[in-house]
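Worksheet: the structure to be examined is printed underneath.
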Amino acid sequence: MAEKEPLKDDGIKLKIRDFVARATAVGLHTSISDIANRIGKEVGVLDEKWVKYTTIEFHNGLNKDFYKAVPKKDRVVFIPHCLRDMKECKMPIDEDGYHCLKCGKCVINDIVKECEKNGMKYFIVGGGSQVINIVNKHKPKAFLGIACFNELEMAIEKLGGGSKFPGQGVMLKKDGCVNTKVDIEEVREKINM
């Protein structure tokens, strides 16, 4: 599988978030996809990765207040196992996903520590069907998903959003299902909302 290039930021995230905040404040009168493309044009970034990032940020903006209203102890964080070093990692797995050994060799350790510091449940998962099973079993009231665009879109579609089951998403900087990368500061920001 070919290495995928990570997203390069250069202040683009802040511009996108600003446009998303303004667009959600005035209400939606078109599809999120159309708005994401328009924001991409206005920000000057038409790269498909940034349009996808904008789409996720739009969903985040729509669900932000509902998500923040849920106590942290009632939220769950879904961490993709692909963030680990597949060759080095010895994480055991069961029906609730992988279980971090906290060796410190990958970013999962940092995310787990942040979740524990905030009293949030977390699951290191292999994909969308495992997420659905965990939601049905553990009944969290809100979620934070860290994943590639396709997995985040599937989660939004299957899990809903709004006041019923609000969520936030952090899109991977580098996807590809193996040795992926995420912006840890963006993850911390969502955990600490």
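Out of all the residues in the stretch 160-173, which are under 21 Å from K68 (Cβ atoms) and either in contact with a Pro (Cβ under 9 Å, 6 or more places away or on another chain) or surrounded by 20 or more Cβ atoms within 10 Å (Cβ to Cβ) (or both)?
Filtering the stretch 160-173 for residues under 21 Å from K68 (Cβ atoms) gives 160-171.
Correct list: G160, G161, F165, P166, G167, Q168, G169, V170, M171.
Looking for something modelled with pLDDT of 90 or more and of a type in the set (D, E) - is there at least one such residue anywhere in the stretch 146-157?
Checked the stretch 146-157: no residue is modelled with pLDDT of 90 or more and of a type in the set (D, E).
Restricting to the stretch 67-106, give me the number of residues that are assigned to a strand (DSSP E or B) and in contact with a strand residue (DSSP E or B) (Cβ under 9 Å, 6 or more places away or on another chain). Break it down stepwise before answering.
Of the stretch 67-106, the ones assigned to a strand (DSSP E or B) are 75-80, 93-94, 97-98.
Filter again for in contact with a strand residue (DSSP E or B) (Cβ under 9 Å, 6 or more places away or on another chain), leaving 75-80, 93, 97-98.
Residues meeting the conditions: 9.
Scan the stretch 163-192 and report the pairs whose first residue is in a loop (DSSP other than H, G, I, E, B) and whose second residue is surrounded by fewer than 16 Cβ atoms within 10 Å (Cβ to Cβ) and modelled with pLDDT of 80 or more, with Cβ atoms within less than 6 Å and a gap of 6+ or a chain change.
As it stands, the answer is V178/M86, since those pairs meet every condition given.
For every residue, the table says whether it meets (1) buried (at least 16 other Cβ atoms within 10 Å of the Cβ); (2) within 20 Å of A155 (Cβ to Cβ); (3) outside the structural domain of K141 (by TED's automatic domain parsing); (4) in contact with a His (Cβ under 8 Å, 6 or more places away or on another chain).
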residue: F58; (1), (2), (3), (4): yes, yes, yes, no
residue: P80; (1), (2), (3), (4): yes, yes, no, no
residue: L83; (1), (2), (3), (4): yes, yes, no, no
residue: E88; (1), (2), (3), (4): no, no, no, no
residue: E95; (1), (2), (3), (4): no, yes, no, no
residue: K102; (1), (2), (3), (4): no, no, no, no
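Which residue, of K121, K181, is over 19 Å from H59 (Cα atoms), modelled with pLDDT under 90 and among the basic types (K, R)?
On the way: K121 fails: modelled with pLDDT under 90.
Testing whether each residue is over 19 Å from H59 (Cα atoms), modelled with pLDDT under 90 and among the basic types (K, R) leaves just K181.
Working only within the stretch 65-93, note down all residues that are among the basic types (K, R) and modelled with pLDDT of 90 or more. Steps first, please.
Residues of the stretch 65-93 among the basic types (K, R): 68, 72-73, 75, 84, 87, 90.
Within the stretch 65-93, K68, K72, K73, R75 meet the criteria.
Please list, ordered by first then second residue, the pairs with beta carbon atoms under 6 Å, 6 or more apart or interchain, first in the stretch 83-95 and within 10 Å of C106 (Cβ to Cβ), second among the small types (G, A, S).
none
The values are calculated or read from the model by the stated rules, or taken from the named source; none is laboratory data. Given the structure is predicted, the values throughout are model-derived calculations rather than measurements. So basically every Cβ, Gly included, is an ideal-geometry build from the backbone, and we count neighbours across all protein chains shown.
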